[in-house]
Amino acid sequence: MDFRLTEEQLAWQMKARKFALEEIRPVSLERDRVADPQQTFDWELFKKGSRLGFRTTAVPKEWGGHGLDFVTQALIMAELAKGDSAISKAFSQCWKWSHLIAAVCTDEQKTRFLRPFLADDTFVLGKGITEPSGGSDNRLPPDNDPSAGVKLRGVRDGDFWILNGEKAFIANGNIAKLFFLDVRTNPHAPLREGVTLFLVPRDTPGFRPGKVFNKSGWRFYQNAEMIFENARVPHANVIGEVNGAYKKSSGDTSGGDIFGDLELAANALGLCEAACEQGIGVARTAKQAGKPLKEQQIVQLKIGRMYMLTEALRSFVLRVACEHDQKIHTANAGLVMNFSTEIIQEVSELNMEICGLAGSMDSAAEKLVRDSFIWSHLAGDAVQRMKVARRIIR
Amino acid sequence: MYNLQLTQEQLQFRDVVRDFVAQDVRPSALKSDRLESFDRPLLIDALDKASQIGLRTMAVSEENGGAAADSLTRCIVLEELAAGDPDISAVLSLTSNLGHLLFDRLLNPAQRDRFLPEFLSDDHYHLSCGCEEEGNDTRLGILYHGSSLAARVASAAEQGLNKQWVVNGAKQNVLNAPLARLFIVSVAVPGRQQPVFMLIPRDTPGVSINPETKFRLRRHGVGGQVTFTNCHVPGDHLIDPSQADLAALLASVEPGSVFDQAIDLGIGRAAYEAAVEYAQIRVQGGKRIIEHQAIGTKLAEIAIAVDLARAAVWRAAHAGDHPEATADGSLPNLPLDLISRCFVGPAVYRATKDAAEVFGAMGVMRDMPLHKYISDSLVLMHSGNGVSDTKLRIAELLAGYKRS
């Protein structure tokens, strides 16, 4: 076993660390306090990050991207998330769908969509799966129930498909220029046999973004409704086969979304590092009656636990990233995602306890806790855990 | 005898408050624009109505015009109120508890005659206490045995033959400060080991209030900084220092008291009720989500947490009302209020997070109340003494020693 990083990996890690420290951290709390959920995004910051390569990290080199390996991707996500978890996610969301384009699109589609994506610092990607009537039904589709899951309807009309319906909670739904969309093209078949994957540009006639959701934390990263009223999408934008979304959409043919799982765990690692840094800073500097907080046993125990959990997560994240690079696909990606939920929440809560013991209830500590809530839904809810468990059991 | 039955009066109190919350508090408290806003203005109309049904003065004895609600009854009421809105509950908790302490225990007859009639007759008359010790060295944090005198920010000097006190200084994070008409303030006096406690009406020249925007990170309700600038307080506004341990009495209105725990319980119950209701409506996987084992067991865990938290709070409140139950060994001779404090905070926080998870993505959206329940319980878990330092206090009391 060799735990050393390569020169290139270290260089990207340092670049991300510098960007997080100099550009992200200074605006993180300010962005968190923007009351209007539509105004939380900072385009200037995003463009700066894009110019440094943090938007196109995952696009293969032969298509003009950086084609970085999974270990480097994990390192960058963690460093950016140490500055601000939601800002890191805003960048890595583009990688998630870059992976998908590279894995499942034809060369003609790659030419049509990857080229403009690479050329434009404000080109953001998204994917619409969840709808008001179904989240879990799409994540873990019930067998043989055609009524469950995706309801956004697509009907063929010559060289076009006519889309009607809506998507909800879609990441980058109001700002992305290109979306992957799960569309019900056979209402009589179960989800796995009745859904087609489309690529839908933002300027498609009949599509408009709806409400931007007002989240408790992760405020920089926007989620919106997407509304389709007789939206016309060319047949040439169908990805893979009609009714084949669940066969072709995954970049990982062994099952499971290998990047998405790693992504949340690597992001959690960065937030944990931020919590550790803040916690130990308070423990070293805060004094009570002339005595540094770090001399208190209960503070030492908390610091030890925060670091133990964070380092365990780091080991697991890098192991999974390394396995992905070696094309070893196991349930570990899902497990590390599940695991990151407990870790991010406990570590950020321990930091808040240390701040409380210092007598300073800090809004930065509170933000880390609030940002960590969303893991309960995205990474560690019962459905995400059962999905992974079923893969192990089968 | 082991009797867990509430009295008719307690049940009646609970039902009246539950109806009031359903009709007058929840509809305003849970409006989506209020939930989405970063500011959460106090529901003044509901607060006034609460006063009209006697909740502002509920803890004051009957002979002094109140309802003589004991600690357990107050906990029941505060839970009901907090299930609708923890801010209203926190404001009424402080005013009614301080009302009881002042008018039934601490004030002399002349002071009572001076302040009680207006307190009883004016629905807007709230009380506040600037008695928490200031600074990191004392009340907050783990070194709670620090010097209290050095940390007090407000100080006073006696002046003249008629013993006017001149008070200068400021108190931070004072609950109810923006509403209060009368403050009880602990004040350092040069040359004295112990602080003096004095009554300072809001309209005393030299008193100014600055509402604090970050107050919500610390406690529920409304709070602010109270500044005293050459504030002349008559000598007869002093609380008689020969009375029982004033600081110990005032601990019942400090953050983390059993009454704050009752507020936490209300937050947990609101989250629990929301999750159970939603789990019976939402269909995924071909059936109501409550029928899925994963959700069913989660709801059971929430119910277990909230119910055990209630048992801990009620037992601590009962022990406060009935010292004889501890004296004869019916209840263990343990600091039940502190034990409850350590259990309730984390249990309710966990319950609110579990409840939010039942809602999926809606659990983290500001236009639904779930995120509010999590944040509200987080505030209570960290207000005043946290769980870690409360455990240190328990350890001292178990063996009767004092940490150096």
Of the residues in segment A:144-154, those that are within 14 Å of chain B (Cβ to nearest Cβ) and touching a residue at least 24 places away in the same chain (Cβ under 8 Å) come to A:Asn144, A:Asp145, A:Pro146, A:Ala148, A:Gly149, A:Val150, A:Lys151
Positions within segment A:296-332 being of a type in the set (Val, Ile, Thr), more than 14 Å from chain B (Cβ to nearest Cβ) and in a helix (DSSP H, G or I), in sequence order = A:Thr310, A:Val317, A:Val320
Residues that are of a type in the set (Asp, Glu): which helices (runs of 4 or more DSSP H) entirely in segment B:1-51 hold 2 or more of them?
-> B:8-20, B:32-36
Exactly one of B:Leu265, B:Leu179 is assigned by TED's automatic domain parsing to the domain that holds B:Ala300 and closer than 30 Å to B:Arg40 by Cα, and that one is B:Leu265
Restricted to segment A:333-369 and to residues being part of a loop (DSSP other than H, G, I, E, B) and aliphatic (A, V, I, L, M), the residue farthest from the chain's Cα centre (by Cα) is A:Ala358
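Table: residues versus (1) within 14 Å of chain B (Cβ to nearest Cβ); (2) among the small types (Gly, Ala, Ser); (3) in a loop (DSSP other than H, G, I, E, B); (4) crowded, with 24+ Cβ neighbours inside 10 Å.
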position	(1), (2), (3), (4)
A:Ile162	no, no, no, no
A:Gly165	no, yes, no, no
A:Gly173	yes, yes, yes, yes
A:Ala176	no, yes, yes, yes
A:Ala189	no, yes, yes, no
A:Thr196	no, no, no, yes
A:Pro205	no, no, yes, no
A:Arg208	no, no, no, no
Pick from segment A:333-377 the residues that are at the interface with another protein chain (Cβ under 9 Å from one of its Cβ atoms) and among the acidic types (Asp, Glu): which of them is surrounded by the fewest Cβ atoms within 10 Å (Cβ to Cβ)?
-> A:Asp362
With B:Leu81, B:Leu92, B:Leu120, B:Leu55 as the choices, which residue is away from every other protein chain (no Cβ under 14 Å), part of a helix (DSSP H, G or I), at pLDDT 95 or above and over 30 Å from A:Asp362 (Cβ atoms)?
-> B:Leu120
In segment B:366-404, which residue that is without any contact (Cβ under 8 Å) to a residue 12 or more places away in the chain and closer than 22 Å to B:Asn333 by Cβ is nearest to the other protein chains (Cβ to nearest Cβ)?
-> B:Ala395
When (1) touching a helix residue (DSSP H, G or I) at 6+ places or on another chain (Cβ under 9 Å); (2) more than 14 Å from every other protein chain (Cβ to nearest Cβ); (3) not in a loop (DSSP other than H, G, I, E, B) are applied to A:Ala224, the one that fails is (2)
If you take the residues of segment A:95-131 that are among the charged types (D, E, K, R) and touching a strand residue (DSSP E or B) at 6+ places or on another chain (Cβ under 7 Å), which of them is nearest to A:Ala245 (Cα to Cα)?
-> A:Lys127
Look through segment A:272-286, keep the residues that are in contact with a strand residue (DSSP E or B) (Cβ under 8 Å, 6 or more places away or on another chain) and among the hydrophobic types (A, V, I, L, M, F, W, C), and return whichever of them is nearest to the other protein chains (Cβ to nearest Cβ).
-> A:Ala286
Selection over segment A:91-143 where residues are buried (at least 21 other Cβ atoms within 10 Å of the Cβ), within 14 Å of another protein chain (Cβ to nearest Cβ) and assigned to a helix (DSSP H, G or I) yields a count of 2
Here are A:Leu45, A:Leu68: which of them is in contact (Cβ under 8 Å) with a residue 12 or more places away in the chain and part of a loop (DSSP other than H, G, I, E, B)?
-> A:Leu68
Out of curiosity, is B:Arg341 more than 8 Å from chain A (Cβ to nearest Cβ) and of a type in the set (D, E, K, R)?
-> yes
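The values are calculated or read from the model by the stated rules, or taken from the named source; none is laboratory data. Predicted model, so just to flag it, every value in this text is computed and none were measured. As a convention, Cβ positions derive from the backbone with ideal geometry for all residues, glycine included, and neighbour counts pool all protein chains shown.
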